[in-house]
Amino acid sequence: MNSKKSQQHLLKQTSQRIKRLRKNKQLSQKSVTARCEMDFGSYTNIENGKRNINLFTLQKILIALNISFKEFFNFKGFFFLKPS
């Protein structure tokens, strides 16, 4: 898998994971954005895989979802980029 495809795959998995966890907690997108003081449009773009996310933003979202980094990345099927 080339670097560009790997990055797109990681972004897609990350956005899908955020969305799945939010829905499992039965939270709306608006409630999450209010909790993490984030613009609604930016958040929906993250969930839809249209916006890259940095660790600080991910941390804000995970705090809003009451989920640790360990819990977020600890699931079957998560694909980490291999160093080249």
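Among residues of the stretch 31-49 that are within 12 Å of residue 15 (Cβ to Cβ), those with a Cβ under 6 angstrom from a residue that is in a loop (DSSP other than H, G, I, E, B), sequence gap 6+ or separate chain, pair up as 45/51; 46/53. When 61, 46, 67 are screened for being in a loop (DSSP other than H, G, I, E, B), surrounded by 15 or more Cβ atoms within 10 Å (Cβ to Cβ) and out of contact with any His (no Cβ under 7 Å at 6 or more places or on another chain), only 67 passes. Report every pair of residues separated by at least 6 positions or lying on different chains whose Cβ atoms are under 9 Å apart, first residue within the stretch 1-21 and at pLDDT below 90, second in a helix (DSSP H, G or I). Listed pairs, sorted by first residue: 1/9.
I'd like to check something: does the stretch 33-43 contain any residue that is among the polar types (S, T, N, Q) and over 18 Å from residue 56 (Cβ atoms)? There is no residue in the stretch 33-43 that is among the polar types (S, T, N, Q) and over 18 Å from residue 56 (Cβ atoms). Candidates in the stretch 9-30 are the residues that are surrounded by fewer than 13 Cβ atoms within 10 Å (Cβ to Cβ) and either among the small types (Gly, Ala, Ser) or under 13 Å from the mean Cα position of the chain (by Cα) (or both); of these, the one that is farthest from residue 72 (Cα to Cα) is 28.
The values are calculated or read from the model by the stated rules, or taken from the named source; none is laboratory data. These numbers come from a predicted model, not from an experiment. Every residue, glycine among them, receives a Cβ derived from its backbone with ideal geometry; neighbour counts consider all protein chains shown.
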